[in-house]
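Below you'll find the structure, written out as structure tokens, and then a few comments.
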Amino acid sequence: MKSKLSAKLGLVMLLCFGMLLSACSSGGNGNSSATNGDTGNKGDAATNAPQEKVKISFMGHGSPQEKDIFAKLIKSYETKYPNVKVEYTSVPPAEYNQKLSTLVASGKTPDVFYVSGPQFYKFAEAGTIQNLQPFLETTELFQADNVWKQALDRYRFDGKQLGQGDLYGLPKDVGPWAMAYNKTMFTEAGLELPPAEVGKWTWDNWLDAAKKLTKDENGDGKVDIYGGANFTLEGAVWASGGDFIDYTTGKVTIDTPEFAKAMQWVADLRIKHNVSPSPEDEKAMNSYSRFVAGKVGMFPMGPWDQPGFWDLPFEWDIAAWPVNPETGKAGTWVGSMGYSVSSKSKHAQEAFNLAAFLALDKEGQKQNYELGQAVPNLIYMAKGEFVAYDKAPANRQVFLDIIEDYGHPPIEFGSKDTKWIDTMWQEAGKVWDGKMTAADWAKELQPKLQELYDKGNK
Amino acid sequence: MRKSKPSYIRKEYAWAYLFVAAPVLGFLIFGVAPLLYSAWLSFTSWDLVTPPEFVGFDNYIEVFHDEKVYKSLFNTVFMMLGIPIGMIVALLLAIMMNRPLKGISFLRTIYYLPVISPIIAVSLLWQWILNQDFGLLNQTMWSWFGIEGPNWLGDANWIKPSMILMGVWGGVGGTMVLYLAGLQSISSSYYEAAEVDGASAFQKLRLITIPLLTNIHFFVIVMGVIGAFQSFSQIYVLAGDGGPEYSAATVVFYIFENAFKYFNMGYASSVAWVLGIIIFIVTLLQFRLSKKWVYND
């Protein structure tokens with residue numbers, strides 16, 4: 001009897017131990033001696049002949065489509081570097097940051113992972129991610145003049161600030177936020193098509209078109225088709241010559257007349273002109289679904305929206321953002337995600353090779369744009385075959401103009417702590433509802449946001 | 001000479017300890033250890049990336065100066081209005097259900113259904129009901145009475161009532177079952193005696209039913225208050241950004257935001273401890289006060 005008991009106890013212990021083991025196993029696999037992240041390791045890994053099998057982990061997020069694309073890209077990488085096996089995990093986007101931070105905290109950082117904005121800043125500062133500069137010299141994939149500067153600069157860190165210094169990441173993509181429009185709807189309404197060249201179309205033209213497109217189809221007093229959705233506040237403010245913050249001095253700059261005017265203009269689209277869905281309408285049916293359903297005329301899209309739009313029953317294209325008639329400037333944002341390599345990676349060279357392959361390899365970049373995921377990171381490819389690619393949108397040049405000309409990094413780029421931005425959006429409801437004018441609101445909120453920013457970022 | 005216990009008893013003891021050990025160990029590992037860890041964290045500043053840094057009472061000082069702590073605390077307490085409303089509705093329902101009618105068990109099941117539904121599913125359902133333009137509620141009000149409904153989830157003044165409405169709907173079944181059990185334990189002789197004295201139905205309710213259910217009222221209030229202090233999921237689903245002007249955020253939601261959005265683990269822990277202490281004090285007070293009004297057989 002006694003022995004039975006201890007056998008059972010043993011079994012319980014074994015189970016517990018097994019669980020512990022499996023929890024650890026994703027950490028450090030195998031032997032690390034040969035390719036241990038010594039950065040002086042010259043020459044491409046592919047040419048470094050006899051190598052042992054190496055396993056690296058890669059974590060990202062994205063749609064199921066994107067996951068498939070990455071599975072394919074990773075296959076090509078593994079063919080090129082046959083000694084490396086990549087363990088790829090794709091996490092739902094909403095949980096990504098949480099998962100990544102938890103992994104970092106528990107010392108199980110993936111070898112390669114997506115990172116951007118506030119988290120990138122934090123990781124770079126804390127030494128969680130590798131300085132990639134020494135590695136860049138070892139690969140023929142990287143030619144600085146063939147990669148968008150606007151994308152690379154996001155991943156530079158000089159020990160204090162973002163934007164300059166060494167590279168701590170490679171861009172996964174550049175995401176110019178372009179103005180898509182329903183061509184069929186425009187033609188039916190007898191409207192002139194918005195031009196692809198920036199400067200020829202102003203906010204007034206945009207509003208005019210939006211008014212003509214907005215319709216109550218069934219006569220119940222409620223709008224069914226809106227002219228335009230999501231005229232982003234960011235874009236409007238930048239086009240007016242204002243900004244949200246000056247990162248060099250750390251001053252929140254929403255209390256300027258330019259800002260107030262831009263914000264009021266955006267708010268009036270809903271309050272005064274009723275050509276855009278309210279935040280609540282947004283919740284019921286987001287602008288993306290509205291555009292796909294033909295219920296909104298103009299809608300800002302990112303390049304990754306393309307595949308979803310290729311099967312639409314109507315014609316569409318992208319236009320340049322309208323300019324503020326007073327300044328003659330346009331504004332929108334360029335998003336980006338980057339690949340970083342964990343500074344604790346036991347196979348830093350292989351990890352870097354993967355990041356470089358995903359970010360810069362010609363074949364991979366080609367596949368990526370053909371599948372409609374992104375604008376190529378490689379400038380020659382973007383300006384050449386990408387622009388000439390025969391799938392919609394026809395005005396692909398617009399994407400490139402935004403990157404080169406009037407796209408800004410999102411506000412949170414440069415903030416380690418984004419509480420101040422969230423607070424701003426939470427409070428912005430008062431302006432969107434028309435309870436407060438933009439000018440009063442901004443004046444009231446500026447000190448509050450300044451305090452929050454200082455607390456979290458200094 | 002004392003005889004030692006027979007071996008079969010000793011074996012049973014061993015087994016008993018083994019079985020007791022499982023939950024005790026579980027509690028120590030997954031209950032006490034994190035508790036102590038978070039107590040320590042609440043005195044540090046930790047972003048998960050760099051090692052925790054001891055900051056003394058800074059977090060606690062900050063808690064008392066943080067506008068959002070007060071705002072979320074106010075929201076949480078405001079939403080407790082749902083507790084008395086729910087109790088009244090549940091009691092009335094229980095009285096109605098406490099009859100030998102045909103199909104009554106079917107009705108009881110229907111009212112209990114929301115209680116066992118996952119709160120995320122319930123929240124999504126209500127998101128659809130409460131939508132300003134397309135929602136079931138506003139559509140119905142418009143087509144039946146010609147009333148234009150408010151922007152339930154998008155208006156700072158209406159989002160809290162919306163949450164209360166949803167909470168009452170979701171919780172009333174559970175409270176109803178408790179009241180039903182209570183009602184069935186009241187001896188019918190009280191009512192018979194009251195009838196002989198010529199008491200009206202309302203008098204019977206006020207003087208017999210309600211006082212004899214005080215222990216259930218007490219239980220419902222205590223659990224309701226604790227539950228309300230901890231409410232999170234429905235806010236996360238219906239107002240992922242804390243609602244317009246942060247008017248729907250509860251304390252736990254604020255803790256979540258600090259911990260998993262801004263990665264201020266230390267600060268989140270200190271807010272959590274403050275909340276824990278508040279719940280402890282409020283519950284203690286309720287037990288103290290209960291001696292004055294709860295009737296036990």
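So the values come out like this:
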| read-out | value |
| --- | --- |
| Residue check, residue A:345 at pLDDT 90 or above and within 17 Å of the chain's Cα centre (by Cα) | no |
| Which listed residue is modelled with pLDDT of 90 or more and either within 30 Å of residue A:434 (Cβ to Cβ) or surrounded by fewer than 16 Cβ atoms within 10 Å (Cβ to Cβ) (or both), from B:180, B:130, B:92, B:107 | B:92 |
| Residues (part of a strand (DSSP E or B) and either farther than 17 Å from residue A:216 by Cβ or within 14 Å of chain B (Cβ to nearest Cβ) (or both)) located in the range A:291-300 | A:298, A:299, A:300 |
| Residue that is nearest to residue B:263 (Cα to Cα) [pool: residues in the range A:81-103 that are modelled with pLDDT of 90 or more and of a type in the set (A, V, I, L, M, F, W, C)] | A:100 |
| Enumerated helices (runs of 4 or more DSSP H) restricted to the range B:87-168, each holding at least 1 residues that are small (Gly, Ala, Ser) and within 18 Å of the chain's Cα centre (by Cα) | B:119-130 |
| Answer residue from the range A:320-365, given it is part of a strand (DSSP E or B), of a type in the set (Gly, Ala, Ser) and out of contact with any Ser or Thr (no Cβ under 7 Å at 6 or more places or on another chain) and is farthest from residue A:293 (Cα to Cα) among those | A:340 |
| Subset of the range B:256-297 (residues that are among the aromatic types (Phe, Trp, Tyr) and exposed (fewer than 15 other Cβ atoms within 10 Å of the Cβ)) | B:280, B:287, B:293, B:295 |
| Neighbours by Cβ (under 7 Å, 6+ apart or cross-chain): first from the range B:154-183, more than 16 Å from residue B:108 (Cβ to Cβ) and of a type in the set (Ser, Thr, Tyr); second at pLDDT below 90 and in a helix (DSSP H, G or I) | B:162/B:130 |
| Answer from A:311, A:317 - the residue that is more than 14 Å from chain B (Cβ to nearest Cβ), over 29 Å from residue A:115 (Cβ atoms) and not in a loop (DSSP other than H, G, I, E, B) | A:317 |
| Tally of residues being under 19 Å from residue A:360 (Cα atoms) and within 15 Å of the chain's Cα centre (by Cα) across the range A:63-98 | 1 |
| Flag if residue B:176 is more than 20 Å from residue B:217 (Cα to Cα) and either hydroxyl-bearing (Ser, Thr, Tyr) or away from every other protein chain (no Cβ under 14 Å) (or both) | no |
| Residue that is farthest from the chain's Cα centre (by Cα), among those in the range A:242-290 that are assigned to a helix (DSSP H, G or I) and aliphatic (A, V, I, L, M) | A:271 |
| Selection status of residue A:186, under 28 Å from residue A:151 (Cα atoms) and buried (at least 20 other Cβ atoms within 10 Å of the Cβ) | no |
| Yes/no for residue A:164 being within 30 Å of residue A:137 (Cβ to Cβ) and either hydroxyl-bearing (Ser, Thr, Tyr) or in contact with a helix residue (DSSP H, G or I) (Cβ under 7 Å, 6 or more places away or on another chain) (or both) | no |
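Okay, residues lined up against (1) more than 14 Å from chain A (Cβ to nearest Cβ); (2) under 27 Å from the mean Cα position of the chain (by Cα); (3) among the hydrophobic types (A, V, I, L, M, F, W, C); (4) loosely packed, with under 11 Cβ neighbours inside 10 Å:
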site: B:8; (1), (2), (3), (4): no, no, no, yes
site: B:21; (1), (2), (3), (4): no, no, yes, no
site: B:29; (1), (2), (3), (4): no, yes, yes, yes
site: B:42; (1), (2), (3), (4): yes, yes, no, no
site: B:49; (1), (2), (3), (4): no, no, yes, no
site: B:55; (1), (2), (3), (4): no, no, yes, no
site: B:61; (1), (2), (3), (4): no, no, yes, no
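The values are calculated or read from the model by the stated rules, or taken from the named source; none is laboratory data. Just so it is clear, the structure is predicted and the values come from calculations on it, not from any experiment. Heads up, the Cβs are rebuilt from the backbone with ideal geometry, glycines too, and the neighbour counts pull from every protein chain shown.
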